[in-house]
1. Could you give the nm distance between label points at A:Asp376 and B:Thr40, where each point is 7 Å from its Cα heading toward the beta carbon?
2. Calculate the spin-label point distance for B:Asn33 paired with A:Ala64, positioning each point 7 Å from the Cα along the beta-carbon direction, and give it in nanometres.
3. Rounded to the nearest 0.05, what FRET efficiency do B:Asp21 and A:Asp252 have when you use their Cβ-Cβ distance and R0 = 56 Å?
4. Could you check which residue among B:Leu62, B:Leu14, B:Leu77 shows the biggest mean-square fluctuation in a GNM of chain B with a 10 Å Cα cutoff?
5. With θ set to phi - 60°, apply the Karplus curve 6.51 cos²θ - 1.76 cosθ + 1.60 along segment A:329-343 and write out the HN-Hα couplings as whole Hz, x wherever there is a Gly or Pro.
6. When N counts the residues of segment A:307-383, how does its alpha-carbon radius of gyration compare numerically with 2.2 N^0.38 Å, as a ratio?
7. Could you work out the relative contact order of chain A, using alpha carbon pairs under 8 angstrom and six or more residues apart, expressed as a whole percent?
8. What is the P(r) of the protein assembly as shown, as percent of Cα-Cα pairs per 20 Å bin from 0?
Amino acid sequence: MEYHEFTIGNAIERLTRHEISSFDLTSALFSRIEKYEDRIGAFITLDKEQALLQAQKADQDIAAGRISALTGIPLALKDILCTKGLKTTCGSRILENFVPQYDGTVVSKLKEKGAVIIGKTNLDEFAMGSSTENSSYKITKNPWNPEYVPGGSSGGSAAAVAARFCCAALGTDTGGSIRQPASHCGVVGIKPTYGRVSRFGLVSYASSLDQIGPITRDVRDAAILLNAISGNDKLDSTSARVAVPDFTKAMDEFEKGSLKGMKAGIPKEYLSAEGIDPEVEKVFMHAKEVLTDLGVEIKEISLPHTAYVVAAYYIIAPCEASSNLARYDGVKYGFRDRSSEDLIEMYKKTKSRGFGLEVQRRIIIGTYALSAGYYDAYYGRASKVRTLITKDFSNAFETCDFILSPVAPAPAFKIGEKTDDPLTMYLTDIFTLSANMAGIPGISVPAGYSSKGLPIGIQMMARKFDEMSLLRAGYGFERNIGLSQKFPDL
Amino acid sequence: MKISKSEVEKIAHLARLEIEDSQKEKMVAQLGNILQYIDTLKDADVDGVRLSSEAAVMNNVLREDILEESPGPCVTLANAPDKEDDFYVVPRVVK
């Protein structure tokens with residue numbers, strides 16, 4: 001087995017048996033990055049020097065018998081997670097030179113558990129986008145075919161994992177930004193329940209929707225990483241005071257009882273949605289058969305308010321964004337435009353030169369929807385529709401354990417294909433937005449390929465705090481789907 | 001809902017943004033498209049439905065009021081684009 005082939009699970013085994021060292025593993029991954037990164041563009045910042053020091057320290061710890069959950073495991077982080085002393089840009093010019101003075105809670109947790117942070121991955125600016133084309137720094141390419149997007153907004157993390165530049169990565173998901181790139185890159189992605197993982201040190205986009213989660217090569221790794229980052233945090237009052245189970249037990253549950261007794265619902269509104277690509281439908285139908293063979297009882301369910309999901313989301317998220325992004329005023333941190341002597345002019349020039357167009361578009365939509373006279377018609381109405389969407393899901397979960405759906409209506413599209421038409425891009429989020437609106441967990445697992453050889457995933461969503469069901473079903477599915485090729489040749 | 005160029009300019013001012021003239025027409029057209037799509041929300045029956053922020057289970061999150069050390073101005077101001085001693089420097093406000 002070559003170094004880049006190690007999952008987190010494999011690497012932990014070999015490291016603890018002293019068969020490999022973290023230093024050699026980390027060095028090998030950097031050699032691979034140096035060879036192929038020009039073709040992929042997964043990273044904004046690489047931190048080889050610190051990573052190798054962390055790896056050496058991990059090797060000393062292992063030699064001394066001090067082994068934590070992730071000791072010596074090389075991971076990448078989406079560049080919207082604050083890392084002390086390491087530049088965090090959010091893919092934006094406005095934070096080009098921003099060096100956080102503290103670690104986000106997930107970052108401290110990973111460091112405490114011995115992980116090696118290799119670098120910060122590319123993203124759509126402030127996580128606003130579905131293709132990673134909205135980054136101010138570079139366009140990340142899909143490792144399966146560099147003419148295609150990797151999805152977004154965590155496209156850099158998904159591409160880095162698919163290209164096997166790191167054992168795994170963290171992404172963030174506000175409307176599908178973990179699950180959709182995972183699907184487009186042929187890797188596993190979990191958006192945990194809202195509140196499962198602390199958001200302290202995650203730069204805010206839409207605070208009632210944002211959540212951090214793992215992007216990994218297999219379902220077991222997702223469970224290992226979720227174990228490491230979950231839990232209540234006094235620095236995030238929205239993080240839940242709910243017990244965190246050992247998520248790797250989900251694999252044991254599958255080994256014991258397959259998926260017998262589990263019920264999956266398929267929303268009839270999803271399959272009649274406009275614009276589902278026949279190749280996605282074919283992969284989905286096959287996935288359904290695989291799950292049925294594993295003992296899952298599949299039934300049709302209804303999520304009656306599906307038609308309003310995209311519209312409600314594209315009010316709520318921009319409203320929250322317009323408030324959250326008001327802080328970039330060129331005073332406390334980040335870029336300042338120095339061409340004006342007037343304070344208001346300075347704010348305007350700083351923001352307009354610091355933010356890209358998609359970010360400005362969303363700030364304007366949000367400001368408009370919250371402005372006097374429009375609040376009830378837009379934010380008020382969207383917030384009520386969100387209540388209805390949440391109810392749709394709780395009704396559905398009375399008759400099923402998880403909901404099965406495609407992740408995106410089509411496989412990855414070509415770079416540049418949708419950049420001029422933001423609305424068409426928004427509409428591709430139809431199947432992933434609901435989990436954020438309802439606060440429930442969702443997983444994307446590789447399920448097949450398009451005729452052009454691009455990966456297609458399936459999504460499962462479960463009740464709040466029931467990531468276990470997703471991991472159990474996802475693991476069973478992964479073991480039995482029998483994909484011909486798990487990773488791209490670079 | 002259609003949105004006019006002057007409305008976009010007004011909103012941009014409220015958001016402290018300055019849209020370049022070359023981008024304005026395109027921005028107005030794109031925003032118009034998006035807002036027109038968002039009008040589908042008008043068909044939803046929301047009579048008697050509560051706002052999602054009210055419907056969520058809301059508990060006060062309390063903690064002990066324990067005094068902790070502040071990181072201090074050298075940390076707080078570390079990323080300031082312009083500073084003097086322990087203060088942020090901004091363009092003159094009082095003229």
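Each value in this text was obtained by applying a stated rule to the coordinates, not by laboratory testing. Because the structure is predicted, anything quoted here is derived from the model rather than measured. All Cβ positions, glycine included, derive from the backbone under ideal geometry; neighbour counts span all protein chains shown.
1. Here the answer is 2.5 nm between the modelled labels.
2. 5.9 nm
3. Numbers: r = 63 Å, r/R0 = 1.12.
Calculated transfer efficiency: 0.35.
4. The residue with the greatest mean-square fluctuation here is B:Leu77.
5. 10, x, 10, 8, 6, x, 5, 10, 7, 9, 7, 10, 8, 9, 4
6. Values: Rg = 14.3 Å, N = 77, 2.2 N^0.38 = 11.5 Å.
Against the empirical 2.2 N^0.38 Å value, I get 1.25 for segment A:307-383.
7. On the way: 1147 pairs, mean separation 85.4, N = 490.
In percent, rounded to a whole number, it is 17.
8. Whole-percent P(r) values from 0 Å outward: 21, 56, 21, 1.
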